[in-house]
Each structure stands twice: as C-alpha cells, then as structure tokens.
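The values are calculated or read from the model by the stated rules, or taken from the named source; none is laboratory data. Not measured: the values here are computed from a predicted model. Cβ sites come from the backbone with ideal geometry, for glycine too, and all protein chains shown count toward neighbours.
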Amino acid sequence: MKPACLSLLACAALSAVSLALANEQKNWNEKADAYAELGKAPEKARNRANPLENDPEAVAAGRLLFEDHCAECHGDNAEGGKRGPSLRAPEVQNSTPGTIFWLLTNGVVRRGMPVWSRLPEPQRWQLVRYLKSLGIAQTTREREAAPKQ
C-alpha cells in the first residue's frame, strides 16, 4: 500500500475512536446532569420522612399516579423513556424520600420535568412511596447472570 493510503486509514481510524469517546463522554455528562437536581434539595427537604411510609395502599395508589402522570416520559417501568431518565437508577433510589418529594414539588422545568406542586401532597408522597418500592434496575448482564427460578 502507498504511504498516503496508510496515513488516510490511520486518520480515519483515529477519527472514529475520537468520535466514539466524545459520544461516550456526552452520554455520561447527560446522565450526570439528569440526576444533578437531586443534589440541590435543601437539607430540610432531604430530611423529611414520608408520612405514608407504612401505608400498605400507598404503593398501589402511587403506581396509578405514575401511570397517569409519569410513565409517558419515564417509561412504563420507570427505567427511562423518551424524555425522562430512569427513576430506578441508583441516584434516585439512594435519594431520601424527602429529596424525591422536593423534586416532584419543584420540577426541573429547564429539562422538561413539570412542577407537581398542584398535585395534593398525599398523592406526591404516594408517588414517592411507589418509586422507592421499585428498587434499582438490574442491568442486562445482571438479569442474565441471575439464577433461573
């Protein structure tokens, strides 16, 4: 092969690697941005306990509210959708109930998350209870490695 062809192939390969790395960095930054708002909850809000924590009906009621108000953006299983991030991510599931309640109440308007302060407070707590009941989503690798029952 001519040296010019080898140089061209090397440049093309380096360009492809650079684009792939840039895309991976962009995806990581978008994920970090999607959950950054959780860290902005004031301490007083973070420390709030869910008054419906022990209400056996709160999870079912929260599921219905999620289906009506949240699934369109966050997906039917809360694993992320067209416009909203996964609510089964560790960043959400490891957040306090008060933090999630604060985020529901205040929204993230610049990212398309509506303010839900008009939703009655008990319903917002039901949503929090439902979301916390979901747990962290398993990766495909974890699901495949899990023993079959």
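Quick one: in region 118-139, which of the residues that are part of a helix (DSSP H, G or I) and in contact with a Lys or Arg (Cβ under 7 Å, 6 or more places away or on another chain) is modelled with the highest pLDDT? Break it down into steps so the answer makes sense when it comes.
As a first pass, look at region 118-139 and keep what is part of a helix (DSSP H, G or I): 121-134.
Filter again for in contact with a Lys or Arg (Cβ under 7 Å, 6 or more places away or on another chain), leaving 130, 134.
Values: Tyr130: 97, Leu134: 94.
Checked region 118-139; the qualifying residue modelled with the highest pLDDT is Tyr130.
If I go through region 78-98 residue by residue, how many of them are in contact with a helix residue (DSSP H, G or I) (Cβ under 8 Å, 6 or more places away or on another chain) and either small (Gly, Ala, Ser) or farther than 11 Å from Lys132 by Cβ (or both)?
Step one: filter region 78-98 for residues in contact with a helix residue (DSSP H, G or I) (Cβ under 8 Å, 6 or more places away or on another chain), giving 78, 80-89, 91-93, 95-98.
Cutting the leftovers down to either small (Gly, Ala, Ser) or farther than 11 Å from Lys132 by Cβ (or both) gives us 78, 80-86, 89, 91, 95, 98.
So the answer is 12.
Among the helices (runs of 4 or more DSSP H) confined wholly to region 56-111, which include 3 or more residues that are charged (D, E, K, R)? Let's see the steps before the verdict.
Numbers: elements: 58-69, 71-74, 90-93, 97-106.
Fully inside region 56-111 and qualifying: 58-69.
Select from region 80-101 the residues that are touching a Ser or Thr at 6+ places or on another chain (Cβ under 9 Å) and within 20 Å of Asn47 (Cα to Cα) and list them in ascending order. Reasoning before the result, please.
Applying the first criterion (touching a Ser or Thr at 6+ places or on another chain (Cβ under 9 Å)) to region 80-101 yields 80, 92.
Correct list: Val92 only.
Is it the case that Lys44 is part of a helix (DSSP H, G or I) and either within 19 Å of the chain's Cα centre (by Cα) or modelled with pLDDT under 95 (or both)?
Details: part of a helix (DSSP H, G or I): yes; either within 19 Å of the chain's Cα centre (by Cα) or modelled with pLDDT under 95 (or both): no.
Here the answer is no, as Lys44 does not meet what is asked.
Is it true that some residue in region 66-79 is at positive phi, small (Gly, Ala, Ser) and in contact with a Ser or Thr (Cβ under 6 Å, 6 or more places away or on another chain)?
Taking region 66-79 first, the residues at positive phi are 75, 78.
Those still in the list that are small (Gly, Ala, Ser) too: 75, 78.
Applying the additional criterion that residues be in contact with a Ser or Thr (Cβ under 6 Å, 6 or more places away or on another chain) yields none.
Among the residues of region 66-79, not one is at positive phi, small (Gly, Ala, Ser) and in contact with a Ser or Thr (Cβ under 6 Å, 6 or more places away or on another chain), which makes the answer no.
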